[in-house]
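Quick notes on the structure that follows.
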Amino acid sequence: MRPSVPVPPTEAVIRLRGVVALLGRFPALAGIDLEVAPRRIVLLRGANGAGKTTLLRTLAGLIAVAEGQATVLGVDLVADRRAVRHRVGLLGHATGLYDDLTVGDNVRFWARAAGAEADDAEQALVRLGLAGRLRSVAVSRLSAGQRRRTSLACLIARRPELWLLDEPHAGLDQDGRDLVDTILREATAAGATVLLSSHELDRSLQLADEVVTIAGGVVVADTGMSAP
Amino acid sequence: MLRDALLIAGKDLRLELRSRVALNQVLPFALLVLVLFAFALDPDRGLLARATPGLYWVAVLFSALLALQRSLSVESADGNRDALRLSGLDPAGIFLGKVLAVATQLAVLEVLLGVGVAVLYTTRITGWVLLAVTCVVATASIAAAGTLFGVVAAGLRVRETLLPLLLLPVLAPVLIGATRAFEAALAGSPSEGWPWVGLMGVFASLYIVAGVFGFGPLLEES
Amino acid sequence: MTTEAHRQDIDSTGSNGTRVLGIAALIAMAALALFGLVLSPADANQGEVVRILYVHVPSATVAYIGCFLTTIGSAVYLWRRSRWWELVAYASAEIATVFTSIVLVTGMIWGRPTWGVYWVWDARLTSTAMLLLLLLGYLAVRRLPADHEVRTRRAAIVGLLLVPNVIIVRQSVQWWRTLHQKPTLLANGVGAKIEGLMLFSLFVGFIAIGLVFAWLLIHRFRLAWLEDQLDEAGLDVAIAERRAEGAAS
């Protein structure tokens, strides 16, 4: 773990109290309590099916909070979860890319959809090493790692205030994984907050400021500010 | 809302330019339907000539089903629905953009199909104004109702079979109206066609309003 | 709620009120059979066939009422998130489908001796057939093999557009047919002067079919409501189980 940065005395970016979220009728989150301070990098740990993905999607405002209280970036998710969506960046298992469009088309489209400038899209392409030949290749012809880089570029171009990353290192080579870490450190330096889940334990423990462990849809261990 | 609509429409049309699915598959299908009608209805006995307006719109309707399936399947692949919800785009804008893109493709298809009918069925084309206005309102109706019901069916295993069941009964007035308006135009009595244009105008407005307000709730669930 | 009381709840969708309603419906149906088949005279033009209209016309009326309830229920559900109204919409659509089918079948049986064929492209017959297809579309969405929320939300959009669709379809079919022929066939049958015992029999028909409609609708609604409650009741248990999963690991 990085040497602990003193927590600035500001409002928590994420504040969850007894949050229950349902997948169909299954309570994937069964009462989550969590607080995250601004500019922190938080690692989510937990076995498969513990609720990591559901937690990230709930924080992004995609899944309704069935019970409990939830505030993200000052937005009350129970009252209006749509209001938080354009301010977060979610990287899920699915890439959210249009197969028949080129890498450049995709990044430009999603950047413009989020209200970003053409410059932001261009910088993101350069940053992920996609500005060259790959720019005009259709997404359907990319490798898994290149797809991952493209969806990361879409994410960077949006300049999210809260990054929610589900296995960001998966499918990337050594350089790609290093690049992800650098980008996340830069993002927190610029004021953003990061939550990520990862199976690259050594790497993410080095990256993270705190570790939250969940099992059975509840937080079972937390080294951060919501620790008892 | 308008900015979002143009962004989505631009994206969909670019997607079509790159993949050419409508051009390489839907258009040949539409022309094939015209040929099949000629096989089924003996062209020498004048049946074909009398049925031309109806056959034309049935061909448009079936091709529209394919174009709509394509337009909605690109959004249900690989998390695009979530990405759209996260994008901050106005749902009403997304709806109008999809409608605009489908309508543009249908308009191109209708012109080419019209040329096909004129050549293959030796139809003498008269009443241009009525024909053009009918195409505009009928296309808007098909695209708006099709996009709305397409999203109702989207993302489900049964979507290919569900969409025709939902959409074709709803579009019955458009088929009747467009056919009668075409008959009136080709028969040289356009005044009989305009009430149908009005009916289709009401239909198109109803579905555009329904889509603008209903698209948000439809995208919302997960 | 104790398990005993719970079990009693699920035992039946009936109540004292619905039993009275059910008995009244039975009596009214018996009266309809008596007046419709025995006491009322045969029609001067149509002969014995006229008797089928005592079922046909009231069925059409309640089918339309069912459609209106579906659209109203869907609208209130979309507006207020009211599950009660969503279930009203669903139950009405099912019962309306049953009565629309009865209208079509009785219409065709009536048409065979009257017109000589089972089907003519009459404006009313055609738009009733389209109504049945629209209802089947709604039910197909409502019964999708998908999440409850997905089904109800999507079905509500279809349900909301049901009545506007019916109106536009009727209008277009009416214009279409009247271009070629006047819709006189059915007008001869129903619109023609009807009086005395025949009028009274039709009145009995409205009461009987109306009671049957109400009785079916209430029971179908209660069944759907109980199914909904059953879904809901499992949640607390499911949360406890899910937490235990975490404690065990």
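Every read-out reported here was derived from the displayed coordinates using simple, explicitly stated rules and does not represent laboratory data. Worth saying up front: this structure is predicted, and the values here are computed from it rather than measured. Neighbour counts are summed over all protein chains in view; Cβ atoms, including those assigned to glycine, are modelled from backbone coordinates with ideal geometry.
The Cα atoms of region B:11-79 define a convex hull whose projected area, averaged across directions, is 5.3 nm². Amide H to amide H distances under 5 Å link A:A37 with A:V13, A:M225, where only residues 5 or more positions off or on other chains count and H is placed in the peptide plane.
Farthest toward the positive end of the dipole of region A:99-159, out of A:G145, A:V107, A:G129, is the Cα of A:G145, where the dipole comes from beta carbon charges about the Cα centre. The equivalent ellipsoid that matches the C-alpha gyration tensor of chain A spans semi-axes of 29, 19, 17 angstrom, in descending order.
Within chain B, the whole DSSP H helices whose Cα atoms reach 24 Å or more along their own axis and whose mean Kyte-Doolittle score is at least 0.0 are B:2-19, B:47-76, B:91-120, B:128-153, B:159-186, B:194-220. The mean number of Cβ atoms from other chains found within 10 Å of a Cβ in peptide B:152-162 is 4, as a whole number. Near B:D4, once Lys and Arg are set to +1 and Asp and Glu to -1 for all other residues with Cβ below 10 Å from its Cβ, the sum equals +1.
With K and R counted +1 and D and E -1, the other residues having a Cβ less than 14 Å from that of C:G22 yield a net charge of +3.
Rounded to the nearest 20 debye, the dipole size of the protein assembly as shown about its Cα centre is 1120 debye, using +1 on the Cβ of Lys and Arg and -1 on the Cβ of Asp and Glu. In the protein assembly as shown, the DSSP-assigned H stretches of four residues or longer account for a calculated mean residue ellipticity at 222 nm of -21500 deg cm²/dmol, using -39500 (n - 2.57) per stretch and the full residue count as denominator. For region B:89-163 versus region C:133-154, the spacing of their alpha-carbon centroids is 25 Å. Using only the C-alpha atoms, the convex hull of region A:99-159 corresponds to 62 Å³ per residue.
Projecting the Cα positions of B:A185, A:V42, B:V136 onto the charge dipole of the protein assembly as shown (unit charges on Cβ atoms of Lys, Arg, Asp and Glu, taken about the Cα centre) puts B:A185 furthest along the positive direction. Taken about its Cα centre, chain B carries a charge dipole of about 240 debye when Lys and Arg each add +1 at the Cβ and Asp and Glu each add -1 at the Cβ.
Packing order of peptides B:175-186, A:64-75, highest average first: B:175-186, A:64-75 (average count of other Cβ atoms within 10 Å over each peptide's residues). Looking at chain C, the pairs of alpha carbons with a distance over 33 Å make up 33% of the total.
Taking the Cβ-Cβ separation of B:L120 and B:E192 as r and a Förster radius of 30 Å, what is the calculated FRET efficiency to the nearest 0.05? Rounded to the nearest 0.05, the efficiency is 0.70. Peptide packing: for C:75-84, A:201-210, the average count of neighbouring Cβ atoms within 10 Å per residue gives the ranking A:201-210, C:75-84, highest mean first.
Per residue, the convex hull spanned by the Cα atoms of chain B measures out at 117 cubic angstrom. Here region C:12-100 is treated with +1 on each Lys and Arg Cβ and -1 on each Asp and Glu Cβ, and its dipole about the Cα centre works out to around 420 debye. When each of B:Y56, B:Y121 is scored by the number of other beta-carbon atoms lying within 10 Å, the sequence from fewest to most is B:Y121, B:Y56. When you restrict to C-alpha pairs under 8 Å that are six or more residues apart and normalise by the size of chain A, the relative contact order lands at 30 percent. Other protein chain C-beta atoms within 10 Å of residue C-beta, averaged over A:94-107: 5.
Using the alpha carbons alone, the radius of gyration of the protein assembly as shown stands to its Kirkwood radius in an Rg to Rh ratio of 1.05. Only one residue of B:G155, B:A59, B:L175 has its Cα farthest out toward the positive end of the dipole of chain B, where Lys and Arg carry +1 and Asp and Glu -1 on Cβ, and that residue is B:A59.
Label zone of C:Q174 (point 7 Å out along Cα→Cβ, amide N under 18 Å): in region C:106-137 this covers C:121-132. Counting beta carbons within 10 Å around each of C:M130, C:M108, B:M200 and listing the fewest first gives the order C:M108, C:M130, B:M200. Taking every C-alpha pair closer than 8 Å and separated by at least 6 residues, the mean separation divided by the residue count of chain B gives a relative contact order of 28 percent. Which whole number in µm²/s is D for region B:115-175 by Stokes-Einstein, with the Kirkwood Rh taken over Cα pairs at 25 °C and 0.890 mPa s? Reported coefficient: 180 µm²/s. Once each part is reduced to its C-alpha centroid, what is the distance from region A:97-163 to region C:66-115 in angstrom? A separation of 49 Å, based on Cα centres.
Shown is the FRET efficiency for B:V129 and B:A51, computed with R0 = 25 Å from the Cβ-Cβ distance and rounded to the nearest 0.05: 0.60. A prolate overall shape is assigned to region B:115-222, the ratio a/c of its alpha-carbon gyration tensor axes (a ≥ b ≥ c) being 1.5 or greater and a/b exceeding b/c. A protection proxy built from the mean count of other Cβ atoms within 10 Å ranks the segments A:162-168, B:190-196, most packed first, as A:162-168, B:190-196. Partner shielding of C:156-165 amounts to 5, given as the average count of beta-carbon atoms from other chains within 10 Å of each residue beta-carbon.
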